[in-house]
Amino acid sequence: MASHKHNEPESDMALRVKAIEQLLSEKGLVDPTAIDRLIELYETRVGPHNGARVVAKAWSDPDYKARLLENGTDAIAELDIAGVQGENMVVVENTDAVHNVVVCTLCSCYPWPVLGLPPTWYKSPPYRSRIVREPRVVLEEFGASVSGDVEVRVWDSSAEIRYLVLPKRPEGTDGMTEDDLAAMVTRDGMIGVAEV
Ligand code: FE
(Lines give C-alpha, C1' and ligand atoms only; values in the text may rest on other atoms or scores of the structure.)
Protein backbone atom coordinates (compact mmCIF):
# COMPACT_ATOMS: atom_id res chain seq x y z
CA MET A 1 0.00 0.00 0.00
CA ALA A 2 1.48 3.32 -1.00
CA SER A 3 2.15 5.54 1.95
CA HIS A 4 0.29 8.77 2.11
CA LYS A 5 -0.65 11.38 4.61
CA HIS A 6 -3.80 10.72 6.57
CA ASN A 7 -5.58 12.70 9.19
CA GLU A 8 -6.59 11.15 12.46
CA PRO A 9 -9.81 9.11 12.33
CA GLU A 10 -12.59 11.52 11.61
CA SER A 11 -15.13 11.83 14.39
CA ASP A 12 -18.26 13.92 14.08
CA MET A 13 -16.27 16.59 15.85
CA ALA A 14 -13.61 16.43 13.15
CA LEU A 15 -16.29 16.93 10.53
CA ARG A 16 -17.55 19.98 12.40
CA VAL A 17 -14.02 21.34 12.54
CA LYS A 18 -13.68 20.93 8.79
CA ALA A 19 -16.95 22.73 8.30
CA ILE A 20 -15.71 25.54 10.51
CA GLU A 21 -12.48 25.74 8.54
CA GLN A 22 -14.39 26.15 5.31
CA LEU A 23 -16.58 28.82 6.81
CA LEU A 24 -13.60 30.70 8.16
CA SER A 25 -11.92 30.70 4.80
CA GLU A 26 -15.00 31.60 2.80
CA LYS A 27 -16.75 34.01 5.12
CA GLY A 28 -14.06 35.18 7.46
CA LEU A 29 -16.31 34.67 10.47
CA VAL A 30 -17.90 31.99 12.58
CA ASP A 31 -21.67 31.94 12.95
CA PRO A 32 -23.28 28.86 14.58
CA THR A 33 -26.36 29.15 12.38
CA ALA A 34 -24.20 29.16 9.30
CA ILE A 35 -22.29 26.12 10.58
CA ASP A 36 -25.54 24.25 11.05
CA ARG A 37 -26.56 25.20 7.55
CA LEU A 38 -23.26 23.92 6.16
CA ILE A 39 -23.61 20.60 7.95
CA GLU A 40 -27.17 20.34 6.71
CA LEU A 41 -25.87 21.03 3.21
CA TYR A 42 -23.65 17.95 3.33
CA GLU A 43 -26.32 15.84 5.01
CA THR A 44 -29.10 16.70 2.61
CA ARG A 45 -28.30 18.66 -0.51
CA VAL A 46 -24.83 17.36 -1.33
CA GLY A 47 -25.19 13.63 -1.76
CA PRO A 48 -24.90 10.65 -4.08
CA HIS A 49 -27.29 12.26 -6.56
CA ASN A 50 -24.35 14.45 -7.57
CA GLY A 51 -22.18 11.44 -8.36
CA ALA A 52 -25.14 9.85 -10.13
CA ARG A 53 -25.30 12.82 -12.52
CA VAL A 54 -21.62 12.33 -13.31
CA VAL A 55 -22.07 8.61 -13.98
CA ALA A 56 -25.19 9.09 -16.09
CA LYS A 57 -23.44 11.69 -18.24
CA ALA A 58 -20.43 9.41 -18.68
CA TRP A 59 -22.74 6.58 -19.77
CA SER A 60 -24.47 8.89 -22.25
CA ASP A 61 -21.58 10.91 -23.66
CA PRO A 62 -18.39 9.08 -24.70
CA ASP A 63 -16.42 12.32 -24.95
CA TYR A 64 -17.41 13.27 -21.42
CA LYS A 65 -16.48 9.79 -20.20
CA ALA A 66 -13.03 10.13 -21.75
CA ARG A 67 -12.52 13.47 -20.04
CA LEU A 68 -13.79 12.05 -16.76
CA LEU A 69 -11.32 9.18 -16.79
CA GLU A 70 -8.52 11.50 -17.90
CA ASN A 71 -9.11 14.21 -15.29
CA GLY A 72 -11.90 13.47 -12.84
CA THR A 73 -11.70 16.77 -10.99
CA ASP A 74 -12.11 18.91 -14.10
CA ALA A 75 -14.81 16.75 -15.67
CA ILE A 76 -16.84 16.72 -12.44
CA ALA A 77 -16.46 20.49 -12.19
CA GLU A 78 -18.03 20.77 -15.66
CA LEU A 79 -21.29 19.80 -13.95
CA ASP A 80 -20.77 22.53 -11.34
CA ILE A 81 -19.87 19.93 -8.72
CA ALA A 82 -16.86 20.84 -6.60
CA GLY A 83 -15.89 21.49 -3.02
CA VAL A 84 -13.87 20.40 -0.04
CA GLN A 85 -12.76 16.76 0.03
CA GLY A 86 -13.08 16.62 -3.75
CA GLU A 87 -10.18 18.76 -4.90
CA ASN A 88 -8.34 15.87 -6.53
CA MET A 89 -10.73 13.28 -7.93
CA VAL A 90 -9.78 10.10 -9.76
CA VAL A 91 -12.53 8.12 -11.50
CA VAL A 92 -11.98 4.40 -12.06
CA GLU A 93 -14.10 2.47 -14.54
CA ASN A 94 -15.67 -0.93 -13.97
CA THR A 95 -15.47 -3.15 -17.04
CA ASP A 96 -16.04 -6.79 -17.89
CA ALA A 97 -12.43 -7.38 -16.83
CA VAL A 98 -12.01 -5.10 -13.80
CA HIS A 99 -14.10 -4.33 -10.73
CA ASN A 100 -13.02 -1.34 -8.64
CA VAL A 101 -13.81 -0.71 -4.99
CA VAL A 102 -12.86 2.23 -2.78
CA VAL A 103 -11.73 2.36 0.82
CA CYS A 104 -9.76 4.58 3.14
CA THR A 105 -7.67 2.14 5.12
CA LEU A 106 -6.53 4.62 7.77
CA CYS A 107 -9.53 6.85 8.35
CA SER A 108 -12.54 7.88 6.31
CA CYS A 109 -11.32 9.88 3.30
CA TYR A 110 -14.31 10.11 0.97
CA PRO A 111 -15.36 12.27 -2.00
CA TRP A 112 -17.87 14.57 -0.32
CA PRO A 113 -18.91 16.67 -3.34
CA VAL A 114 -20.08 13.65 -5.34
CA LEU A 115 -21.24 11.29 -2.57
CA GLY A 116 -22.04 13.45 0.46
CA LEU A 117 -20.97 12.17 3.86
CA PRO A 118 -19.64 8.60 4.19
CA PRO A 119 -21.85 5.80 5.50
CA THR A 120 -20.98 4.38 8.92
CA TRP A 121 -19.73 1.08 7.54
CA TYR A 122 -17.23 2.90 5.31
CA LYS A 123 -15.60 4.33 8.43
CA SER A 124 -15.65 1.03 10.35
CA PRO A 125 -12.35 -0.77 11.05
CA PRO A 126 -13.62 -4.15 9.75
CA TYR A 127 -14.48 -2.73 6.30
CA ARG A 128 -11.24 -0.79 6.11
CA SER A 129 -9.06 -3.82 6.80
CA ARG A 130 -11.08 -6.63 5.24
CA ILE A 131 -11.77 -5.00 1.87
CA VAL A 132 -8.01 -5.04 1.32
CA ARG A 133 -7.38 -8.52 2.70
CA GLU A 134 -10.35 -10.36 1.29
CA PRO A 135 -12.16 -8.06 -1.15
CA ARG A 136 -14.17 -10.78 -2.87
CA VAL A 137 -15.55 -12.04 0.44
CA VAL A 138 -16.55 -8.54 1.53
CA LEU A 139 -18.11 -7.79 -1.87
CA GLU A 140 -20.07 -11.02 -1.58
CA GLU A 141 -21.39 -9.88 1.80
CA PHE A 142 -22.58 -6.66 0.17
CA GLY A 143 -24.34 -8.75 -2.45
CA ALA A 144 -21.91 -7.92 -5.24
CA SER A 145 -20.32 -11.19 -6.23
CA VAL A 146 -17.48 -10.67 -8.67
CA SER A 147 -16.69 -13.66 -10.85
CA GLY A 148 -13.26 -15.21 -10.56
CA ASP A 149 -12.05 -14.03 -13.97
CA VAL A 150 -12.69 -10.38 -13.07
CA GLU A 151 -9.78 -8.56 -11.47
CA VAL A 152 -10.67 -6.72 -8.26
CA ARG A 153 -8.81 -3.45 -7.70
CA VAL A 154 -8.97 -1.79 -4.28
CA TRP A 155 -8.25 1.95 -4.21
CA ASP A 156 -7.03 3.49 -0.96
CA SER A 157 -8.29 7.04 -0.65
CA SER A 158 -6.13 9.62 1.00
CA ALA A 159 -6.14 13.25 1.98
CA GLU A 160 -4.77 13.99 -1.49
CA ILE A 161 -6.79 11.72 -3.80
CA ARG A 162 -10.45 10.71 -3.64
CA TYR A 163 -11.77 7.95 -5.88
CA LEU A 164 -15.13 7.48 -7.54
CA VAL A 165 -16.15 4.25 -9.27
CA LEU A 166 -17.80 4.52 -12.68
CA PRO A 167 -20.08 1.47 -12.62
CA LYS A 168 -20.86 -0.58 -15.70
CA ARG A 169 -23.94 0.67 -17.51
CA PRO A 170 -26.73 -1.85 -16.94
CA GLU A 171 -27.97 -3.80 -19.94
CA GLY A 172 -31.32 -2.88 -21.39
CA THR A 173 -30.87 0.83 -20.74
CA ASP A 174 -30.32 1.93 -24.34
CA GLY A 175 -32.23 5.07 -25.13
CA MET A 176 -32.79 6.03 -21.52
CA THR A 177 -32.38 9.70 -20.65
CA GLU A 178 -29.58 10.92 -18.40
CA ASP A 179 -32.11 11.67 -15.69
CA ASP A 180 -33.53 8.15 -15.83
CA LEU A 181 -30.03 6.68 -15.83
CA ALA A 182 -29.00 8.85 -12.88
CA ALA A 183 -31.95 7.55 -10.89
CA MET A 184 -30.51 4.03 -11.20
CA VAL A 185 -27.07 4.91 -9.86
CA THR A 186 -26.54 4.17 -6.19
CA ARG A 187 -24.04 5.41 -3.64
CA ASP A 188 -22.80 1.87 -3.05
CA GLY A 189 -22.35 1.40 -6.78
CA MET A 190 -20.05 4.42 -6.87
CA ILE A 191 -18.04 3.11 -3.90
CA GLY A 192 -17.83 -0.21 -5.70
CA VAL A 193 -19.53 -2.47 -3.15
CA ALA A 194 -22.58 -2.93 -5.35
CA GLU A 195 -23.37 -3.24 -9.02
CA VAL A 196 -25.83 -0.92 -10.69
FE1 FE B 1 -7.69 8.53 4.84
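I need the phi-derived Karplus couplings for region 99-116: 6.51 cos²θ - 1.76 cosθ + 1.60, θ = phi - 60°, integer Hz, Gly and Pro marked x.
Going residue by residue, I get 10, 9, 9, 10, 8, 10, 5, 9, 8, 8, 3, 7, x, 3, x, 9, 10, x Hz, with x marking Gly and Pro.
Going by a 4.7 Å Cβ-Cβ cut-off, which cysteines of the chain have no partner at all?
Among the cysteines of the chain, those whose Cβ sits 4.7 Å or more from every other are 107.
In whole percent, and with a 1.4 Å probe on the protein chains, what portion of the accessible area of the chain is carbon and sulfur? Don't skip to the end; give the middle numbers.
Values: 5160 of 10190 Å².
C and S atoms contribute 51 percent here.
To the nearest 10 square angstrom, what accessible area does residue 13 show with a 1.4 Å probe?
120
Using the scaling law 2.2 N^0.38 Å as the reference, what is the normalised Cα Rg of the chain? Intermediate values should be presented prior to the final figure.
Numbers: Rg = 16.9 Å, N = 196, 2.2 N^0.38 = 16.3 Å.
Computed over Cα atoms of the chain, the ratio equals 1.03.
Positive end of the dipole of the chain, charges at C-beta (+1 Lys, Arg; -1 Asp, Glu), about the Cα centre: which of 193, 122, 48 has its Cα farthest in that direction?
122
Could you report the chain's accessible area per residue, 1.4 Å probe, as an integer in Å²?
Details: 10190 Å² over 196 residues.
Ligands and nucleic acids excluded, the result is 52 Å² per residue.
The values are calculated or read from the model by the stated rules, or taken from the named source; none is laboratory data. This one's a predicted model, so the numbers in the text were calculated from it and none came from an experiment. All Cβ positions, even for glycine, are placed from backbone atoms using ideal geometry, and neighbour counts span all protein chains on display. To get the accessible areas, we keep the full protein, side chains included, count just its heavy atoms, and leave off ligands, DNA and RNA. Shrake-Rupley method; radii C 1.70, N 1.55, O 1.52, S 1.80 Å.
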